[in-house]
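S.K.: Take this structure first; my questions come after.
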């Protein structure tokens, strides 16, 4: 399946609308996310044509819609005692 310039343009237009919806907190954001998802699913090659900025807009919209935060740092695990060194006092 080859990507058409029209499909790419439509997705870019929807991404611009999504950015505006994010800035103005418009209720159209979920619909725009659905439309963008549908378009990208129908023409997956279009994803490779998106700029980092356009991908960022999409990720911001998804984060806001799903109320999810993407981890940016890795926390070190606390060292645990081995089972051999656990005593009754630890329980």
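S.K.: Residue 53 to residue 77: FRET efficiency via 1/(1 + (r/R0)^6), r the Cβ-Cβ distance, R0 35 Å, to the nearest 0.05? The partial results should precede the final answer.
M.R.: Numbers: r = 35 Å, r/R0 = 1.01.
According to the calculation, E is roughly 0.50.
S.K.: Expressed as an acute angle from 0 to 90° and rounded to the nearest 10, what is the orientation of the C-alpha long axis of helix 52-66 relative to the principal long axis of the chain?
M.R.: So the helix axis and the longest Cα principal axis differ by about 60 degrees.
S.K.: Set the Förster distance to 22 Å, then compute FRET efficiency between residue 35 and residue 69 from the Cβ-Cβ distance, nearest 0.05.
M.R.: Numbers: r = 24 Å, r/R0 = 1.11.
For R0 = 22 Å, the calculated efficiency reads 0.35.
S.K.: If you fit an axis through the alpha-carbon atoms of helix 29-42 and take the longest principal axis of the Cα set of the chain, what angle between them do you get, 0 to 90°, nearest 10?
M.R.: Around 80 degrees separate the two axes.
S.K.: Still on this structure, please answer the following. Express the relative contact order of the chain as a whole percentage, based on alpha carbon pairs under 8 Å and six or more residues apart in sequence.
M.R.: Worked out over the chain, it gives 30 percent.
S.K.: For the pair residue 88/residue 25, report the inter-label distance in nm, with labels modelled 7 Å from Cα in the Cβ direction.
M.R.: Each label point is offset 7 Å from its Cα along the Cβ direction, giving 5.9 nm.
S.K.: Return the calculated 222 nm mean residue ellipticity for the chain, to the nearest 500 deg cm²/dmol, obtained by summing -39500 (n - 2.57) across DSSP H runs with n ≥ 4 and dividing by the residue count.
M.R.: The per-residue figure over the chain is -18000 deg cm²/dmol.
S.K.: Any chance you could give the angle, 0 to 90 degrees and rounded to 10, that helix 5-24 forms with the longest Cα principal axis of the chain?
M.R.: That works out to roughly 60 degrees.
S.K.: Here is a further query. Apply the Kirkwood formula to the chain: the hydrodynamic radius equals the inverse of the mean of 1/r over all pairs of different alpha-carbon atoms; give it in Å with one decimal.
M.R.: After inverting the pairwise mean of 1/r, the radius is 16.0 Å.
Bear in mind that the values in this text are calculations on the coordinates, not laboratory data. Note that the coordinates shown come from a computational prediction; the quantities given were computed from them, not determined experimentally. As a convention, Cβ positions derive from the backbone with ideal geometry for all residues, glycine included, and neighbour counts pool all protein chains shown.
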